[in-house]
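Structure first, then comments.
Any read-out appearing in this document is the output of simple, stated calculations on the displayed coordinates, not a laboratory observation. In this text, all values refer to a predicted model and were calculated from it rather than measured experimentally. We place every Cβ from the backbone using ideal geometry, glycine too, and count neighbours over all the protein chains shown.
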């Protein structure tokens, strides 16, 4: 069975151990513009991002900070875009706030059906994830309206990798036959306060026709 993009994101982010930061909502107009293959988004000034053709720099950075497993994941299963907060302090037990963007083509699926499929994918791969020391609990799953996107699937999850806890929100946006998946992961300590900022990122996420 082809691994579902949703689950690939879950496995993809659990290897980074760094620090976390929050952002002032009022500062969003000063955010940096990043352009990817088929999309644009704005991120806080301290963030660095790259598309697939620029991943050599990201992989090099991850190796420098000792994240060999994450570097390997990016090299072997590259997403459309990866970004991280460059303001971090190496500290045991903390999480690097990061974003992964991917696109999946699903001709005949509605947004509701895609989200249902995503939930089932977690169940299907639960045993496999458990063997890797990963557990996932879905805390919220619903469709919301964000900015120019009238319907966005938003799934909030708590994840544990060995003894390391994190929270992730996945935003699923349908555009014609494609689904864009924006996954943002951070530490549970700041997740709730950061969620409005994450929503704002997706509000300004633009899919180029």
Item to check | Net length gained if the chain between residue 113 and residue 190 were fully extended (0.36 nm per residue, minus Cα distance) | outcome: 24.6 nm
Checklist outcome for this item: Packing-ranked peptide list from 32-38, 184-190, highest mean Cβ count within 10 angstrom first, is 184-190, 32-38
Checklist entry - Using Cα pairs under 8 angstrom and six or more residues apart, how large is the relative contact order of the stretch 154-209, in percent? => result 25 percent
Checklist entry - Hey, what did the stretch 103-209 get for relative contact order, percent, Cα under 8 Å, at least 6 apart? => result 24 percent
